[in-house]
Amino acid sequence: MPTGDDGDADGGAAAGDDAVGDDHGSAADLERRTTRPPAFDERFPVPLRGVAVDPETRCVHWDDPVDVVALRCGGCDVYYPCFACHDEVTDHRLEPWPRDRFDEPAVLCGRCGSTLTARAYLGCGDACPACGAAFNPGCRRHRDRYFEG
Ligand SMILES: [Zn+2]
Ligand SMILES: [Zn+2]
Ligand SMILES: [Zn+2]
């Protein structure tokens, strides 16, 4: 029996993580925020918006433990947890990240805050190269929404 822990012990929970917040308490760190233009969500190291975004970039649409990537729109250059977030808070459709910019940062790891180039993300095998966080394989299955083919 694990001691003093009644949760399911699959290791995916955010509880007990250190590292992310600097001067926020843990209650604030679990806050979900909806951010619309022209504002950005200042919790993240890149310009990012979305609907009910948690501290690891899960959103109201994609909320599994592995949903910790945000993707950048080729039209407005801003990061969003998913295309539905993008389309809800902007007035244009998400444009796939253009092939001639595949060596620029286009994906944010919500777990560690690292950015990945489109090329690195598409070749990463569904885990963050920096921190090892598992990424949802479904995002790459929708790759033509997010990346020019
Ligand atoms: Zn856009
Ligand atoms: Zn979303
Ligand atoms: Zn990471």
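Read-outs: derived from the displayed coordinates by stated rules, not from any lab. The structure displayed is predicted, hence computed values, not measured ones. So basically every Cβ, Gly included, is an ideal-geometry build from the backbone, and we count neighbours across all protein chains shown.
With +1 on the Cβ of every Lys and Arg and -1 on the Cβ of every Asp and Glu, and nothing else charged, how large is the dipole of segment 26-146 about its Cα centre, in debye rounded to the nearest 20?
On the way: 16 positive and 19 negative charges, 49 e Å.
That gives a dipole near 240 debye.
Taking the Cβ of ASP67 as the center, what net charge do the other residues with Cβ under 10 Å away carry, scoring Lys and Arg +1 and Asp and Glu -1? Before the final figure, lay out the partial values.
Working: positive: ARG58; negative: ASP54, GLU56, ASP63, ASP64.
Value of the local net charge: -3.
Note the full-extension length gain between ARG36 and HIS92 as 0.36 nm times their separation in residues minus their Cα-Cα distance, in nm to one decimal. Walk me through the numbers before you get to the answer.
Working: separation 56, 0.36 × 56 = 20.16 nm, distance 1.31 nm.
Here the segment from ARG36 to HIS92 would lengthen by 18.9 nm.
Measuring from label point to label point, each 7 Å out along Cα→Cβ, what is the PHE102 to CYS131 span in nm?
Each label point lies 7 Å from its Cα, and together they span 2.7 nm.
Along its principal axes, what span do the Cα atoms of segment 26-146 show, with the longest given first and each in whole Å?
Cα spread of segment 26-146 along its principal axes, largest to smallest: 36, 33, 22 Å.
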